[in-house]
C-alpha cells in the first residue's frame, strides 16, 4: 500500500502549555491565568492554549491515516524542545515531509518511522512534536494497509507479546478540583489522582504540610467511597518541589516523604519527580541517593522519574542505573512513537518499572495510539489523556483497549 498524498490541519490540543520556569519562580496566578509575564522564550503568556497539527496520509485505496503533532504541558523545560507552534512548523511538513513520504510503501511501520526520526530537511531534526504526530500517522497507515490493529503491528515488528488484559490507568486531574478525585474513585481508576505540586509556597506550604494534608484527604476519600476490595495506588507529581523545600538534603527529604506516605496509608504512594537537578546525571544521582535514604528507613514509596528522563537515551540511562521504581515514557518528548516502543521494551528487558505516559496536552488520536503501544509493550500502567477532565480520557483509553482486545481475541 502506497501513500498517495499528505494533508495538514491545524487544531487544538487537549490542554495548555505552561511556563514551568515562571511558575517555579513564583508567577502570580489570577483565576486560571497568571498576572506576571513568561520567562521562557516562545511563550506569550505563562499559560496558553495548546496547539496541534494533524498530519493526514491519503492512501492509494482512499483510506486516510492521521496523527497529531503536539508537545507537553511544561514544554521547553529540563532539556525539552522549544514550545511547539503549529503554523510555524506546518510548512516543513507540507513540503519536505510530503516529498519524503508520498509514493512510499507504508505496509511496514518501523523503517519509515526511523526515517522520519532521522530526517533533517533543514540541517536539524524535526521538532519532537512533528516526529510524534507523523509517526502516529505512519503506524495507523500500516494498520490500515494490513487490516490489523496498531497493537498487532507493534507486536509483529518489534517482536513482543500483546497483553491479554487492559493496562491499568493512572488518572490525572488539577489538584484544586477535588471532586475529580471522587469521580476517579467512583469509576475505579487503578492509580490516582496524579495531582500537580509545582510551587513550594503555594502547593506545598510551610514545611510541606499542604502535600501531607492532600495525601491524607485522598486516602480518606478512597476509604469513604471506594468500597470493599478497591485499593488503588496514590500518585503525586511534585515537580521537584520537595528537593527545593529541603535544599536537596536527602535525609530531610526521606523523612518528609515518609510523612507523606504515612498520610497516604493504607494505599501505596507513588511520588513523581521529588527533585529536579541541573543535568541528567545529576537527576540520576539524586534519585539513587533518595532511594537509598528511603530504603534505610524501610520505606516502600515508589519513586517515578519524569524530568530529565525525556529521550530514549535518557530512559536507557535511568533504567541501567536503577534510578527509580518507575520511568515515565513521556511519548511526545521522545519524538516518534517508535522511540516510545523501544523505550518501553528496553525497560521491560532491564527489569525497570515503566509506564506509558504523555501529557494532558495530547489529543484523542494520540491517546488511542498510545493505548495500542501500551498493550503491545505491556506497560505497567498508562496515563489518562487527553485533557484533565477525567471522564474523556477514561472513555477513550478504556474503550479503545477493550475493542482492541476483543478484535484480537476474535481473530485468534
| task | Go over the candidates 24, 28 one by one and state the one that is farther than 17 Å from residue 137 by Cβ, in contact (Cβ under 8 Å) with a residue 60 or more places away in the chain and surrounded by fewer than 20 Cβ atoms within 10 Å (Cβ to Cβ). | result | 24
| query | Which of the residues belonging to the stretch 67-94 are buried (at least 20 other Cβ atoms within 10 Å of the Cβ) and closer than 26 Å to residue 145 by Cα? | reply | 67, 68, 69, 70, 93
| request: May I ask you to list the residues in the stretch 227-237 that are surrounded by fewer than 16 Cβ atoms within 10 Å (Cβ to Cβ) and either modelled with pLDDT of 95 or more or within 25 Å of the chain's Cα centre (by Cα) (or both)? | output: 230, 231
| query | In this structure, is residue 24 more than 30 Å from residue 101 (Cα to Cα) and under 23 Å from the mean Cα position of the chain (by Cα)? | reply | yes
| Odd one out for residue 207, checked against (1) outside any helix (DSSP H, G or I); (2) at pLDDT below 95 | (1)
| task | Kindly indicate the residue of the stretch 367-412 that is under 20 Å from residue 135 (Cβ atoms) and under 11 Å from the mean Cα position of the chain (by Cα) and also surrounded by the fewest Cβ atoms within 10 Å (Cβ to Cβ) among those meeting that condition. | result | 367
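Sort out which residues of the stretch 87-110 are in a helix (DSSP H, G or I) and in contact with a helix residue (DSSP H, G or I) (Cβ under 9 Å, 6 or more places away or on another chain), and write them in order of number.
Answer for the stretch 87-110, where residues must be in a helix (DSSP H, G or I) and in contact with a helix residue (DSSP H, G or I) (Cβ under 9 Å, 6 or more places away or on another chain): 89, 92, 93, 97, 100, 101, 110.
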| field | strands (runs of 3 or more DSSP E) enclosed by the stretch 238-333 - at least 1 residues per element that are within 17 Å of residue 200 (Cβ to Cβ), modelled with pLDDT of 95 or more and touching a helix residue (DSSP H, G or I) at 6+ places or on another chain (Cβ under 8 Å) | value | 269-272
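Condition check ((1) modelled with pLDDT of 95 or more; (2) touching a strand residue (DSSP E or B) at 6+ places or on another chain (Cβ under 6 Å)) across all residues:
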residue	(1), (2)
81	no, no
90	yes, yes
111	yes, no
129	yes, yes
133	yes, yes
137	yes, yes
156	yes, no
| message | Condition check: modelled with pLDDT of 95 or more and in the same structural domain as residue 313 (by TED's automatic domain parsing). Does residue 181 satisfy that? | response | yes
| Name the residues in the stretch 148-186 that are assigned to a helix (DSSP H, G or I) and more than 26 Å from residue 137 (Cα to Cα), would you? | 178, 179, 180, 181, 182, 183, 184, 185, 186
| query | Quick check, is residue 348 more than 13 Å from the chain's Cα centre (by Cα) and over 30 Å from residue 256 (Cα atoms)? | reply | yes
| Taking the stretch 33-86 as the region of interest, how many residues are at negative phi and assigned to a loop (DSSP other than H, G, I, E, B)? | 27
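The values are calculated or read from the model by the stated rules, or taken from the named source; none is laboratory data. Remember, it's a predicted structure, so these values are computed and weren't measured experimentally. Positions of Cβ are generated from backbone atoms using ideal geometry, with glycine treated the same way; all protein chains shown enter the neighbour counts.
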